[in-house]
């Protein structure tokens, strides 16, 4: 009997050694950090928190937001790039640091496409042009006329190389305007300073600007995209408002550090897409102006957006530090 037990115990040991995955704890078995390269309250932070909460409910583990703002989002993305590729550090990125910054700064050598594992496109974030209440203009065309009549008088905000920066510079070029760019770390600060009268205008995500717009603290003139935002149905698109060439966009994506095990990336992708398809989450994001992506081929999506912004960067001649 003792000999039989010894043989049985030996067989179990061999099986465990041959199949270590069978005895391993499934992912995730502890808290996961989700790095966001901007402060609380901005569009990227809003999306990341909504998705992280849902992922926590689905997996039974906490997905904790870690805000690491600064340097147009590059501090946050580079910290995620250096993280251990074990699935316990993720990155929810924005257009600026994922698609634009490496194209305008020679010292930035990372690639969101090559140096990360793609998880999901977590949301499309339409951008709305918001102006201070002291503008006489109530339409985009009236705004263009008012600004053109006062060259150098007005300012717009945005992190260097961010969509708000590029969009303001793009509008300057498209309609021969002279509006000075003021660097800002995040969308929430930019919107607040338009409300407070310290900044004249801001091209910000609908998510971050909606409260100020709904309260009447700022004037919304136009929104990016092919159709109006469901969160701002009374605000025309730039095309409707007479500037059809204004076609840049913004969005958020979830990425994992390169070499994160394929089975973990697959689980993350499955759970994230499940979260994004949840009706309550979609409704909550829609109320903030965040729309679902029509594609989840993240690499192809990032390649297309990188190329689109690259053309704008080269045309405008924007470099980091400008």
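The values are calculated or read from the model by the stated rules, or taken from the named source; none is laboratory data. Predicted model, so just to flag it, every value in this text is computed and none were measured. Here the Cβ is made from the backbone with ideal geometry for all residues, glycine too, and neighbour counts use every protein chain on show.
Taken over segment 198-252, the residue count meeting the criterion of being closer than 23 Å to residue 98 by Cα and surrounded by 15 or more Cβ atoms within 10 Å (Cβ to Cβ) is 17. Condition check for residue 22 on (1) over 19 Å from residue 269 (Cα atoms); (2) modelled with pLDDT of 85 or more: one failure, at (2).
Residues are listed down the side, and each one gets a yes or a no for (1) under 21 Å from residue 51 (Cβ atoms); (2) modelled with pLDDT of 95 or more:
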residue	(1), (2)
79	yes, yes
82	no, yes
87	yes, yes
91	yes, yes
96	yes, no
100	no, no
105	no, no
108	no, no
115	no, yes
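Hey, does segment 301-317 have a residue that's without any contact (Cβ under 8 Å) to a residue 60 or more places away in the chain and closer than 25 Å to residue 76 by Cβ? Within segment 301-317 (the criterion being without any contact (Cβ under 8 Å) to a residue 60 or more places away in the chain and closer than 25 Å to residue 76 by Cβ), the answer is yes, since at least one residue qualifies.
It is to be established whether one or more residues within segment 247-268 are closer than 12 Å to residue 123 by Cα, at pLDDT below 95, in contact with a strand residue (DSSP E or B) (Cβ under 6 Å, 6 or more places away or on another chain) and not in a strand (DSSP E or B). Within segment 247-268 (the criterion being closer than 12 Å to residue 123 by Cα, at pLDDT below 95, in contact with a strand residue (DSSP E or B) (Cβ under 6 Å, 6 or more places away or on another chain) and not in a strand (DSSP E or B)), the answer is yes, since at least one residue qualifies.
A single entry from 79, 111 fulfils the requirement of being without any contact (Cβ under 8 Å) to a residue 60 or more places away in the chain, assigned to a loop (DSSP other than H, G, I, E, B) and closer than 17 Å to residue 254 by Cβ: 111. Restricting segment 180-197 to residues that are touching a helix residue (DSSP H, G or I) at 6+ places or on another chain (Cβ under 7 Å) and crowded, with 20+ Cβ neighbours inside 10 Å leaves a set whose member that is farthest from residue 233 (Cα to Cα) is 184.
Results for (1) on the phi > 0 side of the Ramachandran plot; (2) outside any strand (DSSP E or B); (3) in contact (Cβ under 8 Å) with a residue 24 or more places away in the chain, shown as yes or no for each residue.
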position	(1), (2), (3)
28	no, yes, yes
34	no, no, yes
41	yes, yes, yes
46	no, yes, yes
58	no, yes, yes
61	no, yes, yes
66	no, no, yes
69	no, yes, yes
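The rows are residues; the columns are (1) farther than 21 Å from residue 166 by Cα; (2) at pLDDT 95 or above; (3) surrounded by fewer than 17 Cβ atoms within 10 Å (Cβ to Cβ).
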position: 46; (1), (2), (3): yes, no, no
position: 121; (1), (2), (3): yes, yes, no
position: 126; (1), (2), (3): no, no, no
position: 137; (1), (2), (3): yes, yes, yes
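Looking only at residues in segment 150-165 that are surrounded by 24 or more Cβ atoms within 10 Å (Cβ to Cβ) and modelled with pLDDT under 90, the one that is nearest to residue 203 (Cα to Cα) is 164. Does segment 262-275 include one or more residues that are closer than 30 Å to residue 174 by Cβ and surrounded by 16 or more Cβ atoms within 10 Å (Cβ to Cβ)? No, the conditions are met nowhere in segment 262-275. Note on segment 269-279: residues that are touching a residue at least 24 places away in the same chain (Cβ under 8 Å) and not in a loop (DSSP other than H, G, I, E, B) total 7.
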